[in-house]
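Some notes on the structure that comes next.
Derivation of every value follows stated rules applied to the coordinates shown; laboratory data play no part. Being a predicted model, the structure only gives us computed values, none of them experimental. When we count neighbours, we look across all protein chains shown, and the Cβ atoms used for this are built from the backbone with ideal geometry, even at glycine.
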Amino acid sequence: MTNIVTVTLNPAIDGACAAQEVRHTHKIRTTNERYDAGGGGINVGRVIQRLGGDVLAVYLAGGATGTVLNGLVDQYALPRLCIDIEDHTRISLAVHEASTGREYRFVPEGPLIAQTEWQACLKALEAQVYDWLVLSGSLPRGVPEDFYVQAGEIARRRNARVILDTSGPALATTLAAGGIFLVKPSLGEFEQLIGERLRDPDSLAAAALSFTAKGDTVHLTVTMGHEGALLANADGIFRLPAIAVTAQSAVGAGDSFVGAMTHALATGRSTHDAFRYGLAAGTAAVMTPGNDLCHRDDVERLFAQLTE
């Protein structure tokens, strides 16, 4: 039995490269080019696999670029179930500007999904057996805002726990339906969700506690970049400061956080330890260049620092 299933409705071929300087009009010469299979759930699945977990990545892909995406996923030997679509899979690009250290990220909106295609994804979830379902990433065009609600209902009928990492209307709609075990917005996504600017740690803590008290989710984790992360649940607030490391790229940090925390929960660790493990993985991802994700040795070392 697969312990964890991840869902990615809008995956991408993630390109990364470096340039001395990014300027308009001019042809930009790049180096250190690499391509990875990406998108929220695929990244989460890659992290879970790297950490030794049992995972199946379910995703939509199509066109010539969909074939390339499948090939990239297979390079990781990541168990997968691809739902074929007619439109092409998107290609994103992250460019590191060496002269300034800045990172430029170009992210297309993605394909237009037919009703029969997203419904095929729900049918695939009906056919799987799992304990944890990770719903991660944006909804592409054509997919209804309540898709994650429908997917969550399927999971709960199987007594599986649902972890949610999305944004915008999909985040609000899914949480309003309730039944989520863990949701992980960034600070900006959480502020957008509640319609309030949270200017200090106390206001964030109060808002997080108030939100979890509504019962839409059991656990709320808010990631705050260089300011660390916060966990809120019925037991109160648990904060962790950021771990000081040399940053190379922020790409994949949130997905690494979700993947590691999911893996820790699925293997029986306490919520607090899983939260520490997630922060360690998110930090480890920042240490890697381009689209690379966290590596297990780095995660374990940073986790040990948090538990000393």
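In the range 172-184, the residues that are on the phi < 0 side of the Ramachandran plot form Cβ pairs under 6 Å with partners that are hydroxyl-bearing (Ser, Thr, Tyr), at six or more places apart or across chains, as follows: 174/148; 180/217; 183/217; 184/221.
Filter the range 86-108 for residues that are touching a helix residue (DSSP H, G or I) at 6+ places or on another chain (Cβ under 9 Å), assigned to a strand (DSSP E or B) and surrounded by fewer than 16 Cβ atoms within 10 Å (Cβ to Cβ) and give the result. Within the range 86-108, none qualify.
Restricting attention to the range 265-279, and to residues there that are in contact (Cβ under 8 Å) with a residue 40 or more places away in the chain and part of a helix (DSSP H, G or I), which single residue is surrounded by the most Cβ atoms within 10 Å (Cβ to Cβ)?
Only one residue tops the list, namely 278.
Residues in the range 27-52 that are of a type in the set (A, V, I, L, M) and in contact with a helix residue (DSSP H, G or I) (Cβ under 8 Å, 6 or more places away or on another chain) were compared, and the one that is nearest to residue 301 (Cα to Cα) is 51.
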